[in-house]
Amino acid sequence: MGRKSELTMMTHNPHGEAAGIDMVDVDKIYPGSAVKALDAFSLDIRPGELVVLLGGSGCGKSTALRSLAGLEDIQAGRIMVSGQDVTGVPVNRRNMAMVFQSYSLFPHLTALQNVEFGLAVRHMSRDKQRAKAMRQLEMVGLADLADRFTQEMSGGQQQRVALARALVIEPKVLLLDEPLSALDAKVRVQLREEIRRIQRETGTTTVFVTHDQEEALAIADRVGVMNHGRIEQIADPKTLYERPETEYVATFVGLTNHVPCLSMGDSALIFGQRVPMLNAPIHEGAAQALIRPEALYLTSPESGDRRHEAVASAVPTSRVATSANGTSATATSAGVLGRVQSVHFLGPLTRVDVVVSPDQLPQVHQDRDMWLTVQLSVQDTAFSPTVGDMVRVRVRSQETLVLSRR
Ligand SMILES: Nc1ncnc2c1ncn2[C@@H]1O[C@H](COP(=O)(O)OP(=O)(O)O)[C@@H](O)[C@H]1O
Ligand SMILES: [Mg+2]
């Protein structure tokens, strides 16, 4: 390391040069298990980046984190940190720090003593240790409580101590495994903002594991959505939400309606409306569209179907609205009739659940009621339905969709 890196260290990053991470085709098979907990798992993280691994229980999030930390041996693949292969390097020499859901502090020690503990094994004078630990407690907003026993602290405060204890060793990589899951909602939101702020301040490369999609989208530079031991898609939060590449990702990130439709190559016929598709078509014919609640809107049953106004509720509109190739679909006959099941007022937006009976969807061979969740913003004041109302659900045509095989 020459002068340049020393300078970088002083000016940009108090924790030394940030580390990039490259996990390549990692397999993890637990002893006695037939399935791969990690299956050709690959993850490339830029120095100083905060990546969230998001996924349901058992998809391999913790295993990915523990493998990176060196807490698990891996059966295939390699793990690089700052360009160096650490695959065989033991956990205590990887210079990483981990924070878990359970605070795992010493309850009979004070906050300061807990933070100092991480430094005690290192060759450093007691005064220096104390000063360093104190600075770290200040960073997490706990300077006032330095001398309090951690067993007398709230969950949120204890997790701040755990964070300070992890950071005080100036790790190359910070690993957080569902660190907020045990906390109540308000503290969870506060602390995630704090973690993000501190992570930015220190520039520490961080991997944060959660099953909470809102949390993931809120703090990540990039979110990797995990499924069956690998990352199905990794992208910045906005891209992930607007351009999910798979049905799993679309369903896991944000609310999604599953709507039977007809694929027509570069567009789809949905409720008699021809709507552009987001992803490349996989086939033509019967398909399933994944539509965000905010991409749907409501009108009165009569509107938008002038030709059949009088019989709008008696005749399945989709029958007049669509033909197999969709060419006869027009804006005036678009939408599907349904009955409002519930209305949830959520302040800036209102969420409306609508149930559509199968006879409204004759061309797509739907045999059960279809539930649609529609999200209206405060701007959508023109039509505010109540429970039991018949409504027409339509697709905002500028919204794109994900399509999958049916
Ligand atoms: N110590 C273990 N021994 C055997 N199987 C395990 C062990 N830990 C996790 N697994 C299995 O590996 C898979 C991934 O687990 P894990 O990484 O804990 O998932 P997540 O953190 O996403 O909930 C699961 O099927 C789980 O049952
Ligand atoms: Mg886990």
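The values are calculated or read from the model by the stated rules, or taken from the named source; none is laboratory data. All values reported here derive from a predicted model rather than from experimental measurement. Cβ sites come from the backbone with ideal geometry, for glycine too, and all protein chains shown count toward neighbours. The area values use the complete protein model at the heavy-atom level, side chains included, leaving out ligands, DNA and RNA. Shrake-Rupley method; radii C 1.70, N 1.55, O 1.52, S 1.80 Å.
Mind ordering 83-94, 33-44, 151-162, 221-232 by average Cβ neighbours within 10 Å, highest first?
Values: 83-94: 12.4, 33-44: 17.1, 151-162: 19.5, 221-232: 21.9.
Highest to lowest by the protection proxy: 221-232, 151-162, 33-44, 83-94.
Label-to-label distance for Ala143 and Arg200 is 2.1 nm, based on points extended 7 Å past Cα in the beta-carbon direction.
Working from Cα pairs under 8 Å separated by at least six residues, relative contact order for the stretch 15-242 is 30 percent. With the simple spin-label model, which puts each label point 7 Å out from Cα in the Cβ direction, the Glu152 to Val91 separation comes to 3.2 nm.
Given a Förster distance of 45 angstrom, what is the FRET efficiency for Arg78 paired with Lys186, based on the Cβ-Cβ distance and rounded to 0.05?
Working: r = 42 Å, r/R0 = 0.93.
With a Förster radius of 45 Å, E is 0.60.
Ligands, DNA and RNA aside, Phe252 has an accessible area near 50 Å² when probed at 1.4 Å. Leu217 sits among other residues whose Cβ lies under 10 Å from its own Cβ, and their net charge, with Lys and Arg +1 and Asp and Glu -1, is -3.
With no solvent and one point on each alpha carbon, what is the Debye value of log10 I(q)/I(0) for the stretch 15-242 at q = 0.09, 0.13 Å⁻¹? Cα-only, vacuum Debye calculation for the stretch 15-242: -0.36, -0.75. For the stretch 15-242, carbon and sulfur atoms together expose 49% of the accessible surface, with a 1.4 angstrom probe and every protein chain in place. Annotation: per residue accessible area for the stretch 15-242 equals 45 Å², rounded to a whole number [probe 1.4 Å, protein chains only].
Along the Cα-to-Cβ line of Val355, 7 Å from the Cα, sits a label point; which residues in the stretch 232-273 have backbone N less than 19 Å from it? Hits in the stretch 232-273 for Val355 at 19 Å: 257-260. Modelled spin-label separation between Phe383 and Asp25, with each label point placed 7 Å from Cα along the Cα-to-Cβ direction: 5.4 nm. Counted over the stretch 15-242, the DSSP beta bridges are approximately 50% antiparallel.
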